[in-house]
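What follows is a set of notes on a single structure, which appears directly below.
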Amino acid sequence: MSNEKEILQKLRDGVVEYDNDMVIEASNEALAQGIDAEKAIFDGLVAGIEEIGRLYELEEIFVPEMLLAADAMYAGLNILKPHMEKKGDGGTKGHVIMGVVQGDVHDIGKNIVKMMFDVAGFEVHDLGRDVPLEDFIEEQLNTNSDLVCLSAMMTTTMVGMPEIIRKLKEKNPKVKIMIGGAPVNENLASQWGADGYAKDANNAGCY
């Protein structure tokens, strides 16, 4: 009989090794052992995808491997997520819009952040990648979302962020805007008028 630590390690390793079967087996073991589903997700699956992110930054793996790891993570998430206790009163904590800015198609980081908001009980409106400025504004007005998350992985595409932030604030001064992605940092977030900056998915989930 596996103990909790071994099962969490197996979940993490399954993601890192792109092994869907290992992840599925470990997810079912976690439920059978009564391990909290949220703990299994964050200390197992998310820990694995964070290691994958680290390896990607070091250029030890590339986009195809990241996609395989994401598939493995979602195989576990599909099993564990229905067993999570809903936060708060059972309703959604709020609405979040997220997307990768126009010209940029790197959406793996955005997808991890989406999962974390989803898991935390938010309703996520995912605009996908290569999203025109107008779409962020239109979606915010349509949904009255509390938070808009902008992601960019290239310096050439992050330059569109200040204009999106300015226009969103013009339309709705109360909206909170968080930016993330490799080329952005806390100073830029502050300079551009964003309310938050996440250097990785964990920080985004805590926002």
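Panel order for Asp21, Asp107, by other beta carbons found within 10 Å of each beta carbon, from fewest to most: Asp21, Asp107.
Put simply, the amide H of Lys93, placed in the peptide plane, has neighbours under 5 Å in Phe122, Glu123, leaving out anything fewer than 5 places away on its chain. For a distance above 25 Å, tell me the whole-number percent of Cα pairs in the chain that qualify. Cα-Cα pairs of the chain separated by over 25 Å account for 39 percent. Relative to the Cα centre, the charge distribution of the chain, modelled as +1 at Lys and Arg Cβ and -1 at Asp and Glu Cβ, gives a dipole magnitude of about 860 debye.
Taking only the Cα atoms of region 4-83, the ratio Rg/Rh comes out at 0.98, with Rh defined as the Kirkwood radius. Across region 62-71, coupling constants 3J(HN,Hα) worked out from phi with the 6.51/-1.76/1.60 Karplus curve, θ = phi - 60°, read 10, 3, x, 5, 4, 5, 5, 5, 4, 4 Hz, and Gly and Pro carry x. In order along region 151-162, the phi-based Karplus estimate (6.51 cos²θ - 1.76 cosθ + 1.60, θ = phi - 60°) of 3J(HN,Hα) comes to 10, 8, 10, 10, 5, 6, 9, 5, 5, x, 5, x Hz; Gly and Pro are listed as x. Take each peptide in 59-65, 150-156, 110-116, count the other Cβ atoms within 10 Å of every residue, and average; sorted highest first, the result is 110-116, 150-156, 59-65. Across region 17-32, rounded Karplus estimates of 3J(HN,Hα) from the backbone phi angles (6.51 cos²θ - 1.76 cosθ + 1.60, θ = phi - 60°) give 9, 6, 9, 4, 5, 5, 5, 4, 4, 5, 5, 5, 5, 4, 5, 5 Hz, Gly and Pro being marked x. The helix-only estimate of mean residue ellipticity at 222 nm for the chain, built from DSSP H runs of length n ≥ 4 each weighted as -39500 (n - 2.57), is -15500 deg cm²/dmol after division by the residue total. Dipole of region 4-83 computed with +1 at Lys/Arg Cβ and -1 at Asp/Glu Cβ about the Cα centre; of Leu67, Pro82, Ile49, farthest Cα towards the positive end is Pro82. Close amide H partners of Leu150, meaning residues 5 or more places away or on another chain with modelled amide H under 5 Å apart, are Met178, Ile179, Gly180.
Values in this text are rule-based calculations from the coordinates and carry no lab data. Bear in mind that the values here come from a model prediction, so they are computed numbers and not experimental data. All Cβ positions, even for glycine, are placed from backbone atoms using ideal geometry, and neighbour counts span all protein chains on display.
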